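Below is one structure, written out as structure tokens; comments come after it.
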Amino acid sequence: MPATLHIQRITATDEAPDRWLYLLHGIFGAGRNWNAVSRRLVKARSDWGVVAVDLRGHGRSEPGDPPHTLAACVDDLLHLPRNGAPPAAAVLGHSFGGKVATLFAHAGELESLWIIDSTPSVRKPAGSAWEMLRMLDEHPGPFLDRDAGIDAVEAAGYSRPVAMWMGTNLQEGTDAAWRWRLDPEQMRALLLDFFEVDTWPSIVAAAEAGTRVELIRATRSSIVSSEDRRKLRELADRGLPVARTDVDGGHWLNADAPDRLAELLAEML
């Protein structure tokens, strides 16, 4: 059974926009992490609205039933209109959400697909998100308060801003103790599938069906490799509607460059 997802609708006015952009966060995140970009976008383009999604097991969404895979995340999204959400005309995914967005675009007829600092390629499990699983295993809680949980993340070697962001995943229980709302085993399953799935065929299929593919690379991030960039150029040389734009900032472009991202979206949606 698909997971029931929590969504936030963001619009410039009380009137329903003409079209909707589904916005998908990265692993350990939530739709609200992208509010700075979403609000700037709808202010510039009131004809568009944003559906900020909490993916399964994240934020205020249900965990859903296993197996916890990218395909399961896509199935959750496909069921959103049946639960009252507006259908998507475009989709944007950051990091982990980039592969989910790509598979979702392959499954439907969308105007555009936005991949934000995410590789479509297969990789070995590694990186800061993979290492964060160790922190969850070693510091499962409970904690006396949110600050204690944030301190535990920082003590594990993460910066204060990252620790504070991760602290948004702590919730207070009925016993007044604070625990992670994230299930480490579910996060591990999702990440393993992310690393194992090649979404290049879905990019090709979506582009051949007429979906415009925009890959946004963060200049201070190594996520999008030189091989990824070469493959994208080859697709563009074949005449497919794919393009890459480099934006100055680190992997978390929603925090580093919200104005530039909103500007690109407003210009090109």
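The values are calculated or read from the model by the stated rules, or taken from the named source; none is laboratory data. Note that the structure is predicted; figures quoted are calculated from it, not measured. Cβ atoms come from the backbone with ideal geometry, glycine included; neighbour counts cover every protein chain shown. To get the accessible areas, we keep the full protein, side chains included, count just its heavy atoms, and leave off ligands, DNA and RNA. Shrake-Rupley method; radii C 1.70, N 1.55, O 1.52, S 1.80 Å.
Below is a table of values for the structure above.
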| read-out | value |
| --- | --- |
| Residue tally, condition open to solvent by less than 50 Å² (accessible area, probe 1.4 Å) and at pLDDT below 95, over region 224-253 | 4 |
| In region 50-74, residue nearest to W180 (Cα to Cα) [restricted to those that are in contact with a Ser or Thr (Cβ under 7 Å, 6 or more places away or on another chain) and part of a strand (DSSP E or B)] | A52 |
| Residue within region 87-106 that is among the basic types (K, R), surrounded by 20 or more Cβ atoms within 10 Å (Cβ to Cβ) and assigned to a helix (DSSP H, G or I) present | yes |
| Which listed residue, of T199, T219, T174, T245, is touching a strand residue (DSSP E or B) at 6+ places or on another chain (Cβ under 8 Å), of a type in the set (S, T, N, Q) and more than 24 Å from W48 (Cβ to Cβ) | T219 |
| Residues located in region 112-147, provided they are exposed (fewer than 14 other Cβ atoms within 10 Å of the Cβ) and of a type in the set (V, I, T) | V122 |
| Looking only at region 148-181, and only at residues there that are among the polar types (S, T, N, Q) and open to solvent by 30 Å² or more (accessible area, probe 1.4 Å), the one that is farthest from N35 (Cα to Cα) | T174 |
| Members of region 239-252 found to be farther than 16 Å from G93 by Cβ, assigned to a loop (DSSP other than H, G, I, E, B) and in contact with a Ser or Thr (Cβ under 9 Å, 6 or more places away or on another chain), listed by number | P241, D248, G249, G250 |
| Single condition E109 does not satisfy, out of (1) surrounded by fewer than 16 Cβ atoms within 10 Å (Cβ to Cβ); (2) part of a loop (DSSP other than H, G, I, E, B); (3) under 16 Å from the mean Cα position of the chain (by Cα) | (3) |
| Cross-chain or 6+ apart pairs with Cβ under 6 Å, region 212-223 first and in contact (Cβ under 8 Å) with a residue 12 or more places away in the chain and within 19 Å of G108 (Cβ to Cβ), then among the hydroxyl-bearing types (S, T, Y) and surrounded by 16 or more Cβ atoms within 10 Å (Cβ to Cβ) | R212/S112 |
| Every residue from region 71-93 that is among the small types (G, A, S) and either in contact with a Cys (Cβ under 6 Å, 6 or more places away or on another chain) or within 18 Å of R212 (Cα to Cα) (or both) | A88, A89, A90, G93 |
| Residues being part of a loop (DSSP other than H, G, I, E, B), among the hydroxyl-bearing types (S, T, Y) and touching a strand residue (DSSP E or B) at 6+ places or on another chain (Cβ under 6 Å) - total across region 1-29 | 1 |
| Pairs with Cβ under 8 Å, 6+ apart, first in region 30-49 and in a strand (DSSP E or B), second open to solvent by 70 Å² or more (accessible area, probe 1.4 Å) and at pLDDT below 95 | W48/D18; G49/A16 |
| Residue in region 201-211 that is open to solvent by less than 30 Å² (accessible area, probe 1.4 Å) and under 18 Å from the mean Cα position of the chain (by Cα) present | yes |
| Filter result for the condition that a residue is under 17 Å from A90 (Cβ atoms), part of a helix (DSSP H, G or I) and aliphatic (A, V, I, L, M), over A255, A266, A236 | A266 |
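This table checks each residue for (1) of a type outside the set (G, A, S); (2) open to solvent by 10 Å² or more (accessible area, probe 1.4 Å); (3) under 24 Å from E267 (Cα atoms).
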position	(1), (2), (3)
L5	yes, yes, no
L21	yes, no, yes
F28	yes, no, no
G31	no, no, yes
W34	yes, no, yes
L41	yes, no, yes
R45	yes, yes, yes
